[in-house]
Each structure stands twice: as structure tokens, then as C-alpha cells.
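To start, the structure under review is shown below, and the notes come after it.
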Amino acid sequence: MDSIQDMDGGSNSHHHEMNMASSNNLIINTSSMNPATTLASAAGVAGTSSSSSSSSPASSSRYENQKRRDWNTFGQYLKNHRPPLSLSRCSGAHVLEFLRYLDQFGKTKVHTPICPFYGHPNPPAPCPCPLRQAWGSLDALIGRLRAAFEENGGKPEANPFGARAVRLYLREVRDLQSKARGISYEKKKRKRPPLPPQLPPPPLPPTVHHHPGQ
């Protein structure tokens with residue numbers, strides 16, 4: 001895996017083919033494109049992130065491989081940036097720029113408010129609304145890049161993938177896509193078991209009064 005130093009030292013001008021799998025099957029070949037304006041990039045599967053918590057070695061391996069590809073892709077993006085950008089100077093604003101760049105490879109239809117299918121989870125006909133990266137894919141991608149940054153020597157307090165601007169952007173994308181696609185992304189809250197009924201305290205025994213002389 002590239003280290004932070006590897007990313008900062010962008011002297012290698014060879015742009016190799018980088019294939020990244022995602023929920024949208026995005027496979028983009030940079031070997032035949034202009035490296036100044038293109039990048040092999042794809043937001044990963046939302047389910048890939050959740051698979052990391054599985055105890056299955058195969059699931060863990062897939063997650064680690066995807067994380068390494070994401071990290072290499074972001075490093076390539078920084079090298080292709082004009083002017084070239086070092087990781088040490090990367091901020092949350094640059095991460096947002098990267099996420100917006102990925103939208104051009106999206107496969108998720110996001111209806112505009114004027115579209116007759118706005119808020120319709122299963123549109124009955126095609127429409128000209130734009131394709132975007134799904135919120136779940138972007139959220140999972142940022143999670144992997146955030147972890148990779150710190151695994152490669154980055155300080156948590158300087159992690160651009162954990163910047164407040166990035167969190168707000170992801171929340172905005174989630175809300176927008178939820179309304180546009182008529183899909184709820186809210187996690188179902190676990191219902192707490194009902195408390196047992198409160199029984200009244202047992203009645204006190206009657207008080208017996210003893211009179212003197214009896």
C-alpha cells in the first residue's frame with residue numbers, strides 16, 4: 001500500500017491501469033486517457049464496508065483489498081491534480097472535490113424536483129435526470145479512506161476524510177437522494193422491551209391498639 005510519503009512524492013509519471021469494483025460496476029481505464037483530467041475511480045460498495053465487521057477471513061480480505069485500491073486511487077487523483085497536490089496539503093475541500101468528480105461515473109438515477117418521478121422508488125419509465133454516485137457507496141468509500149489515512153501514518157486530528165465539511169456533504173447527499181428516490185436511509189431503531197407493569201405495594205397490616213389494663 002502506498003504510504004503518505006509515496007503519495008507526496010509524485011515523481012512517477014507512469015499512470016498504470018487501475019480497475020476498481022463498485023456497486024455500480026465502475027471500471028475505468030486510465031492507461032488510454034489524459035492523466036491530467038481523468039482517473040480510474042469508483043466509489044465502493046456500501047455493503048463492502050459493512051463486511052469488514054464480519055468474522056469471515058474472505059470478507060476481511062475483500063475489504064482490505066478494496067481499501068488499498070481506494071487509497072491508491074486517491075493517491076493517483078492527487079498526482080493528476082493541477083497543480084499536483086501533496087497529501088500533507090490535502091484538506092476536506094479537496095476530498096469534496098474528489099467526491100464530486102466521482103459523480104460523473106455514477107449509475108444511480110437521482111430525480112430532480114421538476115421530474116414527474118421525483119420521490120418515486122420505482123419509476124415506470126425512463127427520464128433525463130442525472131446519474132450520480134449512490135450515497136451508500138460514497139459513505140463506505142470515505143470510511144475506507146479515513147481508515148487508510150491513519151494506517152499509513154496520518155494523524156487522526158489531521159485526517160481530511162473526517163473533516164466536518166465532508167460529514168455535512170455526505171449528510172446532504174443522503175437527504176437529497178432519499179427525497180429524490182423515495183427511499184429512506186434511516187436506520188431502524190431497536191424497540192426496547194416493554195417494562196413490566198408497576199404493581200402497587202402490598203397493603204400494610206391493620207394496626208392493633210392495646211388498651212391499658214386489658
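Numbers at a glance
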quantity: ILE114-ARG68 FRET efficiency (beta carbon distance; Förster radius 45 Å; 0.05 resolution); calculated: 0.60
quantity: The stretch 117-134-the stretch 78-112 distance, computed between alpha-carbon centres (Å); calculated: 24
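Bear in mind that the values in this text are calculations on the coordinates, not laboratory data. In this text, all values refer to a predicted model and were calculated from it rather than measured experimentally. Don't worry about glycine lacking a Cβ; one is built from the backbone with ideal geometry, like all the others, and counts go over all protein chains shown.
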